[in-house]
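Peer 1: Quick one: this structure, given as structure tokens, is what I'll be asking you about.
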Amino acid sequence: MMGQWIRLLLLFHLGTVLLNAAHIQGTWNPSEQKVAVLTKFGYQQTNVKNEKDSRGFLYGHFLPQATFNYSNPVLLAIVSSENINIFRKTSTDYGMSCGSMLRNLTNKGFEPRCFPNGTSDSFRWIPCPDGHLCKGEDNAANVIPGYQMTMQIQERFNPEHWYVLLIACNLDSNCEWKDSAPNVPINYDIWLTNGRPNSAAVSFFTFNFSFDEQNTVQLFLLTVCMYAILSIIQSGANFKNRQIPPRSIILSRIITMKLIGYSLQCFNVLLFAYDGQGFFIARIAGEVLRNTSVQVHCLLLILLAKGWDISYPGTEYPRRTIIMWGILAGLDTILFFYNCTFVYDVLHDVDIYSAWPGHGMILIRIVYAIWFLIEIRKLIDSEQNRHKAEFLAHFGAGFLVWFVSLPMIGIVASFVSQLWRFSLILALTTFANFVALSCLVHQFWPKSSYRKFFADYTNGHRRLGRDDSHEFNDYDNYLFYDQDSDSDADFPDCEDAIRTQI
């Protein structure tokens, strides 16, 4: 059982970095699998001023594990998204003939013997003799040095996703497609890049990345810097407190999880930009930490909405609330892993908004939002201090927007092409989470004008004895309300930012 889960983890797909990789290695046996879909890769639009170096490239090695009859090869094909529909089947459904599957490719693909008028460089015969070029490479000057084959993709108008397929088919003497299933495993080691290798035109931030993932390095670097600054600010706030409030302790842990998670993912994409593979464990750990931090963030807001650390000190946690939250967080985590492990299919566009586990995660987020709304409404109705009630109303309205930001982003992303959807979802969710945490840091700041609305841990009666009644809080609110509201000048106001910037 443990071995099965390890294998599933090795098939994990988080953000298209594992399966949509730039450097892919593996083994394929044509007699066991008629069609193998290796990956999907987004090729960028070719720069008309430098077409030679800005094209998309696919190059690598294909070697048999045993003696092979090279007169009966199999097909390597790279297929555009407009021609991939016929291959959107499970591996057991490829019972159709080779001619039926490859009809559309035949119209455009170039093959020197049978399709000399083709315009698309989309076919190669594999495997290749050790130490020699693959069959079909008629010009050695076009092959990347040190490799057996090279295919070039030219997108003159728009970027597009292309799919790399290994197909157990061949052309007979009459140029008709026929089955070809030699029982010899083939080892492949291929690269997919945007731009010619070792060219001055390539960029470190785009070369190894599929078009839909380009510039994620800059995004993660910026995010790590922002959370590092926020962590320093929160640490300063904790240092200023004589006794760190429980709300600040939880907030510090959320920010720390965010910082570590994004740092791991940043390390992964930096390494991926260098070697085309990245560090898989860092990617998994980063995703888990990010997802966990969001769940704890939801818990903190719901606790506050119930009056915890606002109407009474947060020395104890409401047991029922923790149990209910644990159930929702557990379900969300299960759906998160299931969505990444079982649902993903390289031939289909799958993200959190397009598969049923993702829909379940969004539903859980909506449940959180309703729960938060009900609790904050109860708290406002029970509050007798008008100014504190107004603060709670603004607090509830602002963070309710954060709760519903995930489905809102989904609605926006549904109108966006898959080529830009990944970056859009990543950027918007990252920004929304950062703004929400920044506002909590501001509101929990020791010298903030909002501190009078939270439980106080600086007065003697708070340290000597904890009373669950509201009398002490009402007295504190009365005292603090008369103080100068400008004492928060060293931290910018942002209570409306979460409602206007997300």
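The values are calculated or read from the model by the stated rules, or taken from the named source; none is laboratory data. None of the values given here were measured: they were computed from a predicted structure. Please note: Cβ atoms are built from the backbone with ideal geometry, for glycine as well, and neighbour counts cover all protein chains shown. The area values use the complete protein model at the heavy-atom level, side chains included, leaving out ligands, DNA and RNA. Shrake-Rupley method; radii C 1.70, N 1.55, O 1.52, S 1.80 Å.
Peer 1: Which residue is surrounded by the most Cβ atoms within 10 Å (Cβ to Cβ), if the candidates are limited to the range 185-221 and must be of a type outside the set (Ser, Thr, Tyr) and assigned to a strand (DSSP E or B)?
Peer 2: Just the residues of the range 185-221 that are of a type outside the set (Ser, Thr, Tyr), to begin with: 185-187, 189-192, 194-198, 200-202, 204-205, 207-209, 211-215, 217-221.
When the remaining residues are screened for being assigned to a strand (DSSP E or B), the result is 186-187, 189-192, 194.
Numbers: 186: 24, 187: 14, 189: 15, 190: 24, 191: 19, 192: 29, 194: 27.
Filtering the range 185-221 for residues that are of a type outside the set (Ser, Thr, Tyr) and assigned to a strand (DSSP E or B), the one surrounded by the most Cβ atoms within 10 Å (Cβ to Cβ) comes out as 192.
Peer 1: Additional query: Every residue in the range 269-317 that is out of contact with any strand residue (DSSP E or B) (no Cβ under 8 Å at 6 or more places or on another chain) and either assigned to a loop (DSSP other than H, G, I, E, B) or outside the structural domain of residue 436 (by the TED database) (or both), please.
Peer 2: Scanning the range 269-317 gives 278, 279, 306, 307, 309, 310, 311, 313, 315, 316.
Peer 1: Could you list, in sequence order, the residues of the range 41-81 that are closer than 17 Å to residue 200 by Cβ and part of a strand (DSSP E or B)?
Peer 2: Scanning the range 41-81 gives a single hit, 57.
Peer 1: For the range 72-83, state whether one or more residues are in contact (Cβ under 8 Å) with a residue 60 or more places away in the chain, farther than 16 Å from residue 105 by Cβ, in contact with a Cys (Cβ under 9 Å, 6 or more places away or on another chain) and open to solvent by 30 Å² or more (accessible area, probe 1.4 Å).
Peer 2: no
Peer 1: In the range 34-54, how many are open to solvent by 30 Å² or more (accessible area, probe 1.4 Å) and either out of contact with any Ser or Thr (no Cβ under 6 Å at 6 or more places or on another chain) or at pLDDT 85 or above (or both)?
Peer 2: Here the count works out to 9.
Peer 1: Now a separate question. What is the one condition in (1) within 18 Å of the chain's Cα centre (by Cα); (2) surrounded by 17 or more Cβ atoms within 10 Å (Cβ to Cβ) that residue 417 does not satisfy?
Peer 2: Answer for residue 417: the failing condition is (2).
Peer 1: Among the candidates 152, 148, single out the residue that is of a type outside the set (Lys, Arg), open to solvent by 30 Å² or more (accessible area, probe 1.4 Å), in contact (Cβ under 8 Å) with a residue 60 or more places away in the chain and under 30 Å from residue 111 (Cβ atoms).
Peer 2: On inspection, the qualifying residue turns out to be 152.
Peer 1: Anything in the range 96-112 that is of a type outside the set (D, E, K, R) and part of a helix (DSSP H, G or I)? List them, or say none.
Peer 2: Within the range 96-112, 98, 99, 100, 101, 104, 105, 106, 107 qualify.
Peer 1: Kindly establish whether residue 118 is outside any strand (DSSP E or B), under 26 Å from residue 67 (Cβ atoms) and open to solvent by 10 Å² or more (accessible area, probe 1.4 Å).
Peer 2: no
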